[in-house]
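The structure appears right after this line, and notes come after that.
The values are calculated or read from the model by the stated rules, or taken from the named source; none is laboratory data. Keep in mind it's a predicted model, so treat the numbers as computed, not measured. Every residue, glycine among them, receives a Cβ derived from its backbone with ideal geometry; neighbour counts consider all protein chains shown.
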Amino acid sequence: MRLYLRLVCLMALGGFLLSGGAVWAQLADKKVITLAVAKKLAVAAEEEAIKNKWNVVIVIVDDGGHLLYLQRLDETQTGSIEIAIQKAQTAVNFKRPSKALEDALVTNNRTPILKLPGAMPIEGGLPIVVSEKVIGAIGVSGVTAQQDGQIAKAGVDALPKILGQ
């Protein structure tokens, strides 16, 4: 009887360990944006802003829309802080540039966009994409929406160089 009980316990333990392996096999590897990369993206965006003598706030958020890095250039109005964060969160939450929502609102008169939770339909937020997955976003505010978008694009466009691609 004891031998039988030991055998059953060993089989149960083996089944448990094997099923645990199956669970681990189901987990996906996920790329995440690091603070070091976020800082380098912000530097690239900052260079564009400084080149044009524009005072802005530059933010980087992770794939959940949580603030990872914030930089406010000298003399930038404090009201741009929250706007830059919201632009970046819009880009990550909707997996598209915040300008896409602006275009839908202005060009196509899609006023329901104004009621979307977490939507800032103003140019200046861009998703950060690696291997066709959104890993974060950059948001810029402080000058015109088009200029904010230009600065954000400079940051995102630097990603391949930063990653050594």
The lone condition GLY149 fails out of (1) modelled with pLDDT of 95 or more; (2) part of a loop (DSSP other than H, G, I, E, B); (3) not polar (S, T, N, Q) is (2)
* Asked: Any residue in the stretch 70-78 that is at negative phi, exposed (fewer than 13 other Cβ atoms within 10 Å of the Cβ) and either in contact (Cβ under 8 Å) with a residue 12 or more places away in the chain or touching a strand residue (DSSP E or B) at 6+ places or on another chain (Cβ under 6 Å) (or both)?
  -> yes
Filter the stretch 79-102 for residues that are exposed (fewer than 15 other Cβ atoms within 10 Å of the Cβ) and part of a helix (DSSP H, G or I); the one that is farthest from the chain's Cα centre (by Cα) is GLY79
Here the qualifying pairs (Cβ atoms under 7 Å; residues six or more apart or on different chains; first in the stretch 52-66 and assigned by TED's automatic domain parsing to the domain that holds VAL143; second among the acidic types (Asp, Glu)) come out as ASN55/ASP74; ASN55/GLU75; VAL56/ASP148; ILE58/GLU46
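Yes/no per residue for (1) without any contact (Cβ under 8 Å) to a residue 40 or more places away in the chain; (2) farther than 21 Å from LEU68 by Cα; (3) in contact with a Leu (Cβ under 8 Å, 6 or more places away or on another chain); (4) not assigned by TED's automatic domain parsing to the domain that holds ALA44:
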position	(1), (2), (3), (4)
ASP103	yes, yes, no, no
VAL143	no, yes, no, no
ASP148	no, no, no, no
ASP157	no, no, no, no
